[in-house]
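J.: Below is the structure I would like to discuss, written out as structure tokens.
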Amino acid sequence: MSTVLITGGAGFIGSHTAERFLAEGWTVHVVDNLVTGKRENLPAGVTFHQHDIRDAAAAELVASLQPEVIVHLAAQMDVRKSVADPVFDASTNIVGSLNLLEAVRHRSPRTRFVFSSTGGVLYGDHTVPPNVETFPKDPESPYAIAKLSVELYLAYYARVHGLDTVALRYGNVYGPRQDPHGEAGVVAIFCGRLLEGRPLTVFGDGQQTRDYVYVADVADATWRAATRTLPAPALLDARAFNIGTGVGTPVLRLAEVLSAAADRAPQIEFAPKRPGEQQESYVDVAKAARLLDWRPAVTLEDGLARSYAAFAAQHASRQPLTRTS
Ligand SMILES: NC(=O)c1ccc[n+]([C@@H]2O[C@H](COP(=O)([O-])OP(=O)(O)OC[C@H]3O[C@@H](n4cnc5c(N)ncnc54)[C@H](O)[C@@H]3O)[C@@H](O)[C@H]2O)c1
């Protein structure tokens with residue numbers, strides 16, 4: 001039986017990724033410090049280790065498990081927080097990643113290391129989407145700089161130390177259990193507003209596009225990237241894959257489709273465009289189709305309906321029970 005160690009497995013994407021590996025019969029270990037993750041996100045059958053990825057205990061875990069695969073998802077994933085505190089961002093997102101990579105290099109060198117990078121904010125605003133993996137990178141936040149830095153480290157560890165590394169550049173991932181602070185936080189925010197009967201706030205003219213990809217599709221791509229034979233990982237982009245839909249959806253369209261799924265007609269409030277916000281961002285996914293044999297299977301309509309249903313169930317379970325007697 002093969003073993004995977006998922007860092008950040010108590011979080012949004014991590015818990016879905018754990019489910020995907022369990023479904024394939026893998027032994028699944030999760031390491032998470034629960035800073036944003038939750039124990040209740042962990043599917044039955046995983047072994048949980050509560051450590052910080054920056055600590056020696058996380059490196060020891062890598063050495064003792066000798067997993068076939070590490071899926072490294074643990075991160076400070078709030079772009080605005082990275083702007084407010086770039087030192088903290090780098091300590092988790094760069095130094096924490098290096099702690100794991102050093103553990104692999106010295107104590108588990110046959111482990112494949114799959115890293116969760118970003119396709120949403122890596123290419124910046126100076127390319128014409130859909131962004132292809134080899135396009136110039138122009139990260140505009142400490143969060144995106146940290147993701148690109150770790151990708152450069154992955155290429156270094158592959159070239160110099162022969163490690164088996166992969167970078168997955170996720171689009172804006174949405175679905176059940178997502179946090180409103182992540183890259184696709186707008187779906188969670190809109191779901192909350194719809195459930196409370198409040199207006200939806202749209203910044204700028206609402207025509208800015210994002211590549212919204214459903215979390216189960218992302219978990220499937222991650223499992224494939226962990227298990228396929230791949231090209232040699234020598235250069236920065238050789239082992240990088242965009243994981244999105246290839247479609248740029250304007251935020252106004254997202255609001256429309258989600259409102260239809262919720263069967264509500266909310267008021268839309270327009271607010272000034274946020275400084276530094278990218279206008280267009282979506283990725284080309286031909287490489288993942290070719291080398292991972294992966295294509296997103298869930299449509300925006302279906303994915304948003306599933307997400308809204310999950311948020312509605314969660315919302316209902318939090319409401320105080322009204323007694324009639
Ligand atoms: N959600 C998106 O749209 C999106 C897009 C691109 C990339 N990503 C990346 O995917 C990964 C997972 O994101 P998510 O949306 O599931 O976020 P999330 O916050 O739900 O998951 C991150 C997990 O990491 C854990 N964690 C944070 N710091 C840690 C530390 N120092 N030690 C141990 N555990 C720690 C958290 O407790 C949490 O469970 C992140 O690396 C994120 O940058 C997400």
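The values are calculated or read from the model by the stated rules, or taken from the named source; none is laboratory data. Bear in mind the structure is a predicted one, so any value in this text is a computation, not a measurement. Note that we place each Cβ from the backbone using ideal geometry, even for glycine, and neighbour counts take in every protein chain shown.
J.: Can you name the condition, by its number, that residue 116 falls short on among (1) closer than 20 Å to residue 276 by Cα; (2) not in a loop (DSSP other than H, G, I, E, B)?
T.: Here residue 116 clears every test but (1).
J.: Something else now. Report whether or not residue 217 is more than 30 Å from residue 66 (Cβ to Cβ), surrounded by 21 or more Cβ atoms within 10 Å (Cβ to Cβ) and within 13 Å of the ligand (Cβ to nearest atom).
T.: In short, no.
J.: Still on this structure, I have one more. Take residue 32 and tell me if it is surrounded by 18 or more Cβ atoms within 10 Å (Cβ to Cβ), touching a Gly at 6+ places or on another chain (Cβ under 8 Å) and at pLDDT below 95.
T.: no
J.: Would you mind stating whether residue 135 is out of contact with any helix residue (DSSP H, G or I) (no Cβ under 6 Å at 6 or more places or on another chain), away from the ligand (no atom under 14 Å from the Cβ) and without any contact (Cβ under 8 Å) to a residue 24 or more places away in the chain?
T.: Yes; evaluated as a whole, the condition is true for this residue.
J.: Moving on to the next point. Can you list the helices (runs of 4 or more DSSP H) found entirely within the stretch 51-112 that contain at least 3 residues being away from the ligand (no atom under 15 Å from the Cβ) and farther than 21 Å from residue 233 by Cα?
T.: In the stretch 51-112, the matching helices (runs of 4 or more DSSP H) lie at 56-65.
J.: Can you name the residue in the stretch 220-235 that is among the aliphatic types (A, V, I, L, M) and surrounded by fewer than 22 Cβ atoms within 10 Å (Cβ to Cβ) and is also modelled with the lowest pLDDT among such residues?
T.: Ranking the candidates gives 234 first.
J.: Shifting gears a bit: Look through the stretch 271-285, keep the residues that are loosely packed, with under 14 Cβ neighbours inside 10 Å and of a type outside the set (D, E, K, R), and return whichever of them is farthest from residue 135 (Cα to Cα).
T.: My answer is 271.
J.: Something else about it: Run down 37, 25, 45, 14 and say which single residue is assigned to a loop (DSSP other than H, G, I, E, B) and within 8 Å of the ligand (Cβ to nearest atom).
T.: The match here is 37.
J.: If I filter the stretch 157-184 down to residues being under 24 Å from the mean Cα position of the chain (by Cα) and more than 16 Å from the ligand (Cβ to nearest atom), which single residue comes out as surrounded by the fewest Cβ atoms within 10 Å (Cβ to Cβ)?
T.: 164
J.: Moving on. Considering the stretch 185-198 alone, what residues qualify as being touching a residue at least 60 places away in the same chain (Cβ under 8 Å), within 15 Å of the ligand (Cβ to nearest atom) and of a type outside the set (Phe, Trp, Tyr)?
T.: Once the filter is applied, which keeps residues that are touching a residue at least 60 places away in the same chain (Cβ under 8 Å), within 15 Å of the ligand (Cβ to nearest atom) and of a type outside the set (Phe, Trp, Tyr), the stretch 185-198 yields 186, 187, 188, 191.
J.: State which residue is farthest from residue 192 (Cα to Cα) when the search covers only the stretch 237-293 and only residues that are part of a strand (DSSP E or B) and of a type outside the set (A, V, I, L, M).
T.: By that ranking, first place goes to 241.
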